[in-house]
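Here's the structure we're looking at; comments come further down.
The values are calculated or read from the model by the stated rules, or taken from the named source; none is laboratory data. A quick note: this is a predicted structure, and the numbers were derived from the prediction, not measured. Note that we place each Cβ from the backbone using ideal geometry, even for glycine, and neighbour counts take in every protein chain shown. Accessible surface areas use protein heavy atoms only, side chains included; no ligands, DNA or RNA. Shrake-Rupley method; radii C 1.70, N 1.55, O 1.52, S 1.80 Å.
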Amino acid sequence: MSTSKEDRSMSNRLTRPTRRSVLRGLGATPVVAVAGVTAFHQADAAAVPSAFPAPSRRLQMYAVELPDYSGEKRVGYGLTPETASVPGPTIEMLEGEAIEIVLHNQVSAETLEALRTDEHTPIGVSLHAHGVRYGQDSDGTVHSGSWVAPGESRSYVWWARPVNRAAGIAGSAGYWWYHDHVVGTQHGTGGLEAGLFGALIVRRRSDPLPVTTYVTAFGDGMELNARRYPDTDTYDPAAPVRSNTSIVANQGERIEFVNLALGSELHTWHLHGHTWADTRTGVLPDDAWADMVPVIDNKTIGPGDSFGFQVIAGEGSGPGHWMLHCHLQTHSDMGMSTYFHVHDRQGRPPTGPWPPEHGHMPMSGTTGTTGAAGVEDHSGH
Amino acid sequence: MSTSKEDRSMSNRLTRPTRRSVLRGLGATPVVAVAGVTAFHQADAAAVPSAFPAPSRRLQMYAVELPDYSGEKRVGYGLTPETASVPGPTIEMLEGEAIEIVLHNQVSAETLEALRTDEHTPIGVSLHAHGVRYGQDSDGTVHSGSWVAPGESRSYVWWARPVNRAAGIAGSAGYWWYHDHVVGTQHGTGGLEAGLFGALIVRRRSDPLPVTTYVTAFGDGMELNARRYPDTDTYDPAAPVRSNTSIVANQGERIEFVNLALGSELHTWHLHGHTWADTRTGVLPDDAWADMVPVIDNKTIGPGDSFGFQVIAGEGSGPGHWMLHCHLQTHSDMGMSTYFHVHDRQGRPPTGPWPPEHGHMPMSGTTGTTGAAGVEDHSGH
Amino acid sequence: MSTSKEDRSMSNRLTRPTRRSVLRGLGATPVVAVAGVTAFHQADAAAVPSAFPAPSRRLQMYAVELPDYSGEKRVGYGLTPETASVPGPTIEMLEGEAIEIVLHNQVSAETLEALRTDEHTPIGVSLHAHGVRYGQDSDGTVHSGSWVAPGESRSYVWWARPVNRAAGIAGSAGYWWYHDHVVGTQHGTGGLEAGLFGALIVRRRSDPLPVTTYVTAFGDGMELNARRYPDTDTYDPAAPVRSNTSIVANQGERIEFVNLALGSELHTWHLHGHTWADTRTGVLPDDAWADMVPVIDNKTIGPGDSFGFQVIAGEGSGPGHWMLHCHLQTHSDMGMSTYFHVHDRQGRPPTGPWPPEHGHMPMSGTTGTTGAAGVEDHSGH
């Protein structure tokens, strides 16, 4: 393919001649089989569409101020101003579709100024997505200008790229997240710390659907979903609502976890009584090769990482209050912990009082590094 | 399947309506193909057995006090009180079997009190396993009451779940570990630090068996198997015993490493002269797709993680004293290091004196953060 | 196979009887199917060649002193003394070949003495490679004596082992790195910190070849390629040279990233506007099973880790200045960041001035932990 060859030739002039100098001992030996290279290079051009597909739907997203937590400022995303939360709403897409998100910045300039630690960073809020494709003007970064001043609005377009196997290009299906990239510093440090993040799920049409999806976000200050235990778990066995702070299932239900890490610390995500395969969805298909994939119940994650999986609640372990925590001992001891409450098949909670006499308090006097509160009498839950 | 639909409908009422609000733009488009969902949902119910299989064997496990190390308390598990060690005994299971472990707590209340930093945590010891299935009463946690007071005993049942490919549920085969979850804090921080942990291997019947299995546990305080170099390596070329502190093989032998991380720090596990595939067993099968799996010789691990692999000793590298260390420079410099001593095919040690004149001492005056000892004249080994 | 059985029998006497004691409840049940074990054990012996293949080429490598950076000593590898750089030259190999590298140590004893923090470590420089096979005398370690005194030279032989699927042994193909293991401490802490490292790529003949390969090395002190932003990015849209500090591509080009981590800190490697599969090469082949592999745009890496991938520049995202940074907020804020500058298909830079008015400065007054400099007026670039 002549165009490819010309591209290669031109680019080689621009490139540091590492191949030539390092591989010159090979003489005339071709470095790779021609067939493979050609196949991929023919695909390269076709793989890049000239434009995104038209967005199939439009969401409204609001960035709004929320009540402080433990003396720290909280700002959240919501599909309406009234429903803003930390984490923000979980956005689901199907591979192949593009969506438009109109971000309305309702956070005051005073609050954004208070969160700012880098004077070169403007006063605004943005949306930066992981995993999906977007143009530079939907990047959500300062240098691209794709951010929103207080009282203003801006559209972002995300495309869940379909898989292109002929070109060897993976699709966007996965467990991702979105977050601010502007508040505080040019990497959004202040916005992330305040709560401007949420989960993004891209599915394939053949993916199994869970009964309920739960999001856990691990951050600095021993925070799980921007809270420390016991605030991470508002479960009431008499009224088992399902939310990211009341993680409940009936035995046998397909439950999905989407897990994010933000901030500047690393963590390990551990769940008792359940395991999952370290695949895209945690599911292991009926394939002989699948013998080679590690099955895990604990995963190291650093800021920016996200992963997810589906489990059958209580599968092989039964009903119970199953701990879900960071396995770094100092983190879990200080409140980076919650429970996965698995009821029986009829929806009845595990027997025995909840909270139990023991086992429901973080270490006394150790309420994390970022504030004085966070440890309260659990009798209030 | 009507039951599934009803479950879905009911659960949707309980769930935050994220799908409805976020995906409403999709209109009547089905989110996933019905076939896939049905197949999985039919399997969900059948995948959860009503009870574990009966345990096929019973082990006795003792938690006992051991001599201090560098001024720090040590407590270990043993299959007998006399053989308690750190790490504890490696437990091997086959997928499909259940075992019963009777834990006898022979640690004094005084010692457990000394290790306690959270006054809400009871005085006791437990067993918490990764990877296998267990009921809430074998969880080993405080809130479930599944712990053992001093002088008492308690049974734990673990089930190595067989793979259920039709349901997409992975089996328990893997390299896991077990540990206390009660001593010191409600996450077992004091028990883990003192040495209450060991390796757990679940095999499939078709798995290759190693000649020798070695366990390396990376913990806080630059500790490898709760020791710092040179204490990590008691190898004597004239009498090459095989133990977790004397890692020896003959060239060509299939050797297995099981590696754990505990505490509150992250590490990278590196071995010189050998590589392995990042699969369940480190082995790469004869499959075209296997081209896509990374081969590694260094792996990031955080607390709670465990992994393992098999190598052919000296395969392509030959006999030698091959370093095995954390690749974090401060960690390896301060003692988180040992050797994989590969003899020739006849079992003869590498030529030259051991220990060598150079290369056998950690940094002078840098004996880690947790104690004053750990650096001793190696001539004693 | 009688030899294997004898080996097994002998080694069992040397080994701690964990299998016997732990698995005795199994009685006569064979632990693994005989067929599988036999197949692997027959292969073990054959898998270990008696000697490396003869090196097919010889490289000269020079360790030389470079100008300080921010008051810190810099030492680099180069294929000639004049071209030494940090990172060092990228070395490419093909699976199956062996190469000889002659290392010439041109670093003065005074400089090596100044970098030394462990008095037991000799004054010298070495080469230690990841991923490939080498004998103990090419290990690059102190204890093996495989290092080079100032003014001296030494040969190292590396073998890129071909895959041996019948034996279940993976080949060496992958994205690796090489580094000093002697300067400063017996783990090369001083040499790594000064810049003695570079990328090593082992390809299969069927692998696609990129137009340009870029190397990013994440180290302590918020350093990317031993620099902090804006020094990490010398890009000039009017003269877009391609180097590791000017990462440039035209839309549609196949670009390769090789990414290393060194030092004592962990990081997460994030690129905007692009994703890759977590496979050996980042490419996802046309295989049904590939649905199970996670696609990522952020990866946790610790010291010693290396990974790489290929992307089509701007594929689905278009031209732009795409951020490439550590996602640990403190790290990116303080300079662990650069850009992937994607021009259009004709090679024209993105519209708009560069650097932009906003978005081009690290946090004021936060220049990392290792020195006072590193933040300079970017107008000089």
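General remarks:
- Any hit, segment B:185-195, residues being over 25 Å from A:V311 (Cα atoms) and either of a type in the set (D, E) or without any contact (Cβ under 8 Å) to a residue 40 or more places away in the chain (or both): yes
- If only residues of segment B:282-303 that are charged (D, E, K, R) and not in a helix (DSSP H, G or I) are counted, the one that is surrounded by the fewest Cβ atoms within 10 Å (Cβ to Cβ) is B:D286.
- For segment C:140-155, a residue qualifies if it is surrounded by 18 or more Cβ atoms within 10 Å (Cβ to Cβ) and touching a residue at least 12 places away in the same chain (Cβ under 8 Å), and the qualifying residues are C:G140, C:T141, C:V142, C:H143, C:S146, C:W147, C:V148, C:R154.
- Test set (1) of a type outside the set (A, V, I, L, M); (2) open to solvent by 20 Å² or more (accessible area, probe 1.4 Å); (3) at pLDDT 95 or above; (4) farther than 19 Å from C:V311 by Cβ - C:R205 fails condition number: (3)
- Subset tally (residues that are assigned to a loop (DSSP other than H, G, I, E, B) and either surrounded by fewer than 24 Cβ atoms within 10 Å (Cβ to Cβ) or facing chain B (nearest Cβ under 7 Å) (or both)) for segment A:323-336: 2
- If only residues of segment A:98-110 that are open to solvent by 10 Å² or more (accessible area, probe 1.4 Å) and either more than 10 Å from every other protein chain (Cβ to nearest Cβ) or at pLDDT below 95 (or both) are counted, the one that is farthest from A:G171 (Cα to Cα) is A:E110.
- Among the residues of segment B:227-243, those that are farther than 20 Å from B:P350 by Cα, part of a loop (DSSP other than H, G, I, E, B) and open to solvent by 10 Å² or more (accessible area, probe 1.4 Å) comprise B:Y229, B:D231.
- A:T279 being touching a residue at least 12 places away in the same chain (Cβ under 8 Å) and either under 18 Å from A:F197 (Cβ atoms) or not in a strand (DSSP E or B) (or both): yes
- Restricting segment A:85-97 to residues that are assigned to a strand (DSSP E or B) and among the small types (G, A, S) leaves a set whose member that is surrounded by the fewest Cβ atoms within 10 Å (Cβ to Cβ) is A:S85.
- Residue selected from segment B:61-84 under the condition without any contact (Cβ under 8 Å) to a residue 24 or more places away in the chain and not in a loop (DSSP other than H, G, I, E, B), by the criterion least open to solvent (accessible area, probe 1.4 Å): B:G78
- Of all the numbered requirements in (1) over 19 Å from B:H331 (Cβ atoms); (2) in contact with a Lys or Arg (Cβ under 8 Å, 6 or more places away or on another chain); (3) more than 10 Å from chain B (Cβ to nearest Cβ); (4) not hydroxyl-bearing (S, T, Y), C:A149 misses one, and that requirement is (2).
- Yes/no for C:W276 being within 24 Å of A:A261 (Cβ to Cβ) and of a type outside the set (G, A, S): yes
- Residue selected from segment C:337-355 under the condition more than 10 Å from chain A (Cβ to nearest Cβ) and surrounded by 15 or more Cβ atoms within 10 Å (Cβ to Cβ), by the criterion farthest from C:N225 (Cα to Cα): C:D344
- Which listed residue is of a type outside the set (K, R), open to solvent by 10 Å² or more (accessible area, probe 1.4 Å) and modelled with pLDDT under 95, from A:I169, A:I123: A:I169
- When each of B:S306, B:S264 is tested for being surrounded by fewer than 22 Cβ atoms within 10 Å (Cβ to Cβ), within 14 Å of chain A (Cβ to nearest Cβ) and in contact (Cβ under 8 Å) with a residue 24 or more places away in the chain, the lone residue that passes is B:S264.
- Scoring C:R116 on the criteria (1) touching a helix residue (DSSP H, G or I) at 6+ places or on another chain (Cβ under 8 Å); (2) closer than 30 Å to B:A277 by Cα; (3) of a type in the set (D, E, K, R) leaves a single failure, condition (2).
- Set A:E92, A:E113: member being more than 23 Å from A:F257 (Cβ to Cβ) and modelled with pLDDT of 95 or more: A:E113
- Filter result for A:M361 (touching a His at 6+ places or on another chain (Cβ under 6 Å), under 24 Å from A:V241 (Cβ atoms) and either of a type in the set (S, T, Y) or modelled with pLDDT of 95 or more (or both)): no
- Of the listed requirements (1) assigned to a loop (DSSP other than H, G, I, E, B); (2) surrounded by 23 or more Cβ atoms within 10 Å (Cβ to Cβ); (3) touching a helix residue (DSSP H, G or I) at 6+ places or on another chain (Cβ under 9 Å); (4) modelled with pLDDT of 95 or more, C:G131 misses just one: (3).
- Qualifying residue in segment A:178-185 (condition: more than 9 Å from every other protein chain (Cβ to nearest Cβ), open to solvent by 10 Å² or more (accessible area, probe 1.4 Å) and not in a loop (DSSP other than H, G, I, E, B)): no
- The residue list C:G320, C:G282 contains one member that is at the interface with chain A (Cβ under 7 Å from one of its Cβ atoms), in contact with a strand residue (DSSP E or B) (Cβ under 9 Å, 6 or more places away or on another chain) and under 20 Å from A:V132 (Cβ atoms), which is C:G320.
- As a summary of the residue check, B:T212 satisfies the conditions (1) more than 7 Å from chain C (Cβ to nearest Cβ); (2) open to solvent by less than 10 Å² (accessible area, probe 1.4 Å) except for the one numbered (1).
- Screening C:L224, C:L192 for residues that are more than 10 Å from every other protein chain (Cβ to nearest Cβ), surrounded by 24 or more Cβ atoms within 10 Å (Cβ to Cβ) and under 17 Å from the mean Cα position of the chain (by Cα) leaves exactly one candidate, C:L224.
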